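Student: This is the structure I want to talk about, given as structure tokens.
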Amino acid sequence: MTAPADKYLASGLYGYQLAIAAETLRDFPACSHANQKTLKNMLLHMFVPMNKEFPHTHNHASIDHYWANIRSWKLYPKEHLAQGQEAGRNQGHTLMGIGLAGTLCQMVWIQGDDLFAADQNRLLAVTRYGARYDSGMSVPYTPYHNSGVTQPHIAPKGRGEQYDPNSGWLRPTQYGSLLFLTAHTLEK
């Protein structure tokens with residue numbers, strides 16, 4: 001993982017996937033202590049340093065260049081919707097971000113903490129926004145601009161093509177069902 005910008009993306013995406021796989025297989029008899037130690041060392045020496053470095057250096061880009069990765073979503077409280085920053089880029093990136101956040105929330109949920117409910121169920125609100133838009137319904141949109149990109153309109157690319165019942169972006173709806181939260185847009 002040496003590509004200038006992609007190494008940070010890869011270290012985050014693949015690092016967390018490897019960590020989840022390692023945790024899942026930890027008590028599996030075929031997963032030896034030596035294999036666990038090898039994977040742990042790889043995570044600690046290859047993935048963790050880049051994940052620790054990125055929030056501080058931003059890959060030496062302008063500080064606002066990666067806000068999509070670290071900033072909150074635009075809220076529309078009246079409709080309990082939240083616009084993901086990637087909404088102006090394409091639907092695939094929008095829903096991938098929801099899926100990744102949902103996976104993180106699920107991992108924390110299993111450990112006894114509830115990030116799904118953070119900020120008045122903000123993740124469910126952004127999931128509803130993505131589902132509404134993907135299913136052809138209208139949603140409000142606030143233009144996004146940083147030092148490297150302007151997204152004046154919600155992006156139509158990928159709209160209506162993202163539904164997959166096994167997709168990670170639906171994970172927040174499972175939480176909503178557990179707590180009987182209203183997520184009727186997601187059920188349509």
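Student: To make sure I understand, if each residue's beta carbon is the centre and we count other beta carbons within 10 Å, what order do TYR76, TYR144 fall in, fewest to most?
Tutor: TYR76, TYR144
Student: Let me have the relative contact order for the stretch 1-142, percent, based on Cα pairs under 8 Å that are six or more residues apart.
Tutor: That works out to 18 percent.
Student: Further, regarding this structure: What's the exposure ranking of ILE63, ILE20, ILE154, going from fewest to most Cβ atoms within 10 Å?
Tutor: Sorted ascending by nearby Cβ count, the order is ILE63, ILE20, ILE154.
Student: Let me ask another. Measuring from a point 7 Å past the Cα of ARG159 along Cα-to-C-beta, which residues in the stretch 94-134 have an amide N at less than 14 Å?
Tutor: Label zone hits: 130-134.
Student: Pop the C-beta distance of SER32 and THR142 into the FRET formula with R0 = 35 Å and round what comes out to the nearest 0.05.
Tutor: 0.10
Bear in mind these aren't lab numbers, they're just calculated from the coordinates by the rules spelled out. Keep in mind that this is a model prediction, so the values were computed, not measured. Please note: Cβ atoms are built from the backbone with ideal geometry, for glycine as well, and neighbour counts cover all protein chains shown.
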